[in-house]
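Participant: Handing you a structure now.
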């Protein structure tokens, strides 16, 4: 028989990703030794099912979170792209407006209209278009301003058949920003909810695995060599998931069971 040793229990303070990795590897070890584990607990196979089920929930929650994180990242990247395109449009219209106004200043008959062009295009506006709120503010100024100067603007910028006018492009940019912001907020919320769900599941998995480890440590007779070797390997592969040896905060007895969020209250 291999030399007996006391195995360390998992820490609830370990990083979530390391605990997920540990539980992913530990599941097969527990299921492969289910018969032996069940014979050493009064609840038998029911105990094995009780401690294995949280592992499956962890894997499902981890997969869901990965999906939600990817979708949140994609939504953020789309929002950044939309904002960058809108900023480029707003800057181009402001430069175009400044040029047109400067040319109008050169003619006595047009000079009176030049300030209106500058105002309509946001020339001189101090809004910071690097900020989402500032960019939207400038686009709204340009949307309203170009609407007031449609005839004059069309003389300097003749519409191209089949293509949107500058005013329409501004309106489209504002609509795209609104859609992107809502999508990013939705995906970010779902990502956070998935992360919270995963954390809850992982803590349930920690409690389950610690029950198995304590059971193994409490058995006075022999334990399967495969089980002992597997637990030793898990400690070697995942050194950061355990309470430090001698840590005064390491629980000496099973903690209060963590409630399963799917189980109805009594």
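Participant: For all pairs of alpha-carbon atoms in the range 40-200, what percent lies in each bin of width 5 Å, listed from the first bin to the last filled one?
Facilitator: All Cα pairs, binned at 5 Å, distribute as 1, 9, 13, 13, 11, 9, 8, 6, 6, 5, 4, 4, 3, 2, 2, 2, 1, 1, 0, 0, 0 percent.
Participant: Counting other C-beta atoms within 10 Å, which of 138, 73 has the fewest, and how do the rest follow?
Facilitator: Least crowded to most crowded, the residues run 73, 138.
Participant: Going by alpha carbons, how many degrees (0 to 90, nearest 10) lie between the helix axis of 16-32 and the longest principal axis of the chain?
Facilitator: The answer is roughly 40 degrees.
Participant: Still on this structure, please answer the following. So for the pair residue 219, residue 84, with labels modelled 7 Å out along Cα→Cβ, what separation do we get in nm?
Facilitator: For the pair residue 219/residue 84, the computed spacing is 5.8 nm.
Participant: Compute the acute angle (0 to 90°) between the alpha-carbon long axis of helix 132-148 and the principal axis of greatest extent of the alpha-carbon atoms of the chain; round to the nearest 10°.
Facilitator: The angle comes out near 30 degrees.
Participant: In percent, how large is the relative contact order of the chain, given Cα pairs closer than 8 Å and 6 or more residues apart?
Facilitator: Computed value for the chain: 37 percent relative contact order.
Participant: With a Förster radius of 30 Å, plug the Cβ-Cβ distance of residue 25 and residue 77 into 1/(1 + (r/R0)^6) and report the FRET value to the nearest 0.05.
Facilitator: My answer for the efficiency is 0.35.
Participant: Quick one: order 48, 69, 202 by neighbouring beta-carbon count within 10 Å, fewest to most.
Facilitator: Going from sparsest to densest Cβ surroundings: 69, 48, 202.
Participant: OK, next. Angle between the Cα long axis of helix 45-104 and the longest principal axis of the chain, 0 to 90 degrees, nearest 10?
Facilitator: 10
Bear in mind that the values in this text are calculations on the coordinates, not laboratory data. Since the structure is predicted, the reported quantities are computational estimates derived from the model, not experimental observations. Here Cβ is always computed from backbone atoms with ideal geometry, including for glycine, and neighbour counts include all displayed protein chains.
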